[in-house]
Every structure is written in structure tokens, then in C-alpha cells.
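One structure is given below, encoded as C-alpha cells.
The values are calculated or read from the model by the stated rules, or taken from the named source; none is laboratory data. In this text the structure is predicted, and so the values were computed from the model without any measurement. Cβ coordinates were reconstructed from backbone atoms using ideal geometry, including for glycine residues, and neighbour counts include every protein chain displayed. Side chains included, ligands, DNA and RNA excluded: accessible areas come from the protein's heavy atoms. Shrake-Rupley method; radii C 1.70, N 1.55, O 1.52, S 1.80 Å.
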Amino acid sequence: QVQLVESGGGTVQPGGSLRLSCAASGIIFTAYTMGWYRQAPGKQRNMVAIITDGGSTNYADSVKGRFTISRDNAKNTVYLQMNSLKPEDTAVYYCWAPRSPGDYWGQGTQVTVSS
């Protein structure tokens, strides 16, 4: 059974930092592209950052230079380091791994940026 379990969300002031973690099980982690998506209330779910099995990364324009995605293959874990957080980063953040058909998703972790 595949599980993606996120942690690290919370409430932070603008300009602050958070690090999200996603622990994966039930998949051959080293073979998978992994990523983070987010969904704000009333909006669609959008890609935030992706990291391939080879370590190449891709970011949404809105987070470039502020967020960093990384992976630790020994721990089957993908991370999202979020710096210089803004109120518009407030959303539920989901861990993602592609599958055909039907991608794998975590349960989500809330990130709130507010003063």
C-alpha cells in the first residue's frame, strides 16, 4: 500500500520559514519523480515544485528563489524548504508522485502565513 505522509505545516508570520517533509512508503522511491502541490480555498490545486529521480528540479514562477525542493533517497523522503513566506503562500500543501492512471497524493498539510 502506497502512503505519502506530509508533516511540517503550521502558522508563520510573513517573511518566515517552514520546512515540509513527505515520507513515502510502498513505492520504489528512487525511481519516482516527486513533487509538491498546493491548494488555496476556492482555488484549483497547482504545482509548486517537482524533483526528478535524477535530482532535476522545476518550480512555479511564484516560488522561484524562495522555495527549495530536495530529496533524501536513503530516508524515502522529499522536502520543501520555504523561505520568505508571503500571505499568498497560504494553502494546503500536498505531496505528489505520478502514476498512470491516478497519481499518488498525501493527505495534505496546512500552511498559514499571517501576521
## Note on the structure
Checked Tyr104, Tyr79 against criteria (surrounded by 14 or more Cβ atoms within 10 Å (Cβ to Cβ) and within 11 Å of the chain's Cα centre (by Cα)); the one match is Tyr79
### Query
Considering Thr77, Thr90, which residue is more than 16 Å from Leu4 (Cβ to Cβ) and touching a strand residue (DSSP E or B) at 6+ places or on another chain (Cβ under 9 Å)?
Thr90
#### Entry: Answer residue from region 28-40, given it is outside any strand (DSSP E or B) and in contact (Cβ under 8 Å) with a residue 40 or more places away in the chain and is nearest to Val2 (Cα to Cα) among those
Phe29
### Query
Just checking, which of Asp61, Asp89 is within 14 Å of the chain's Cα centre (by Cα), among the acidic types (Asp, Glu) and at pLDDT 95 or above?
Asp89
### Count - residues of region 71-98 that are under 25 Å from Ser25 (Cβ atoms), touching a residue at least 24 places away in the same chain (Cβ under 8 Å) and of a type outside the set (Phe, Trp, Tyr)
14
## Note on the structure
Filter region 3-19 for residues that are farther than 16 Å from Asn73 by Cα and hydrophobic (A, V, I, L, M, F, W, C); the one that is surrounded by the fewest Cβ atoms within 10 Å (Cβ to Cβ) is Val12
### Task
Would you please name the residue that is nearest to Leu85 (Cα to Cα), looking only at residues in region 27-61 that are open to solvent by 60 Å² or more (accessible area, probe 1.4 Å) and among the small types (Gly, Ala, Ser)?
Gly42
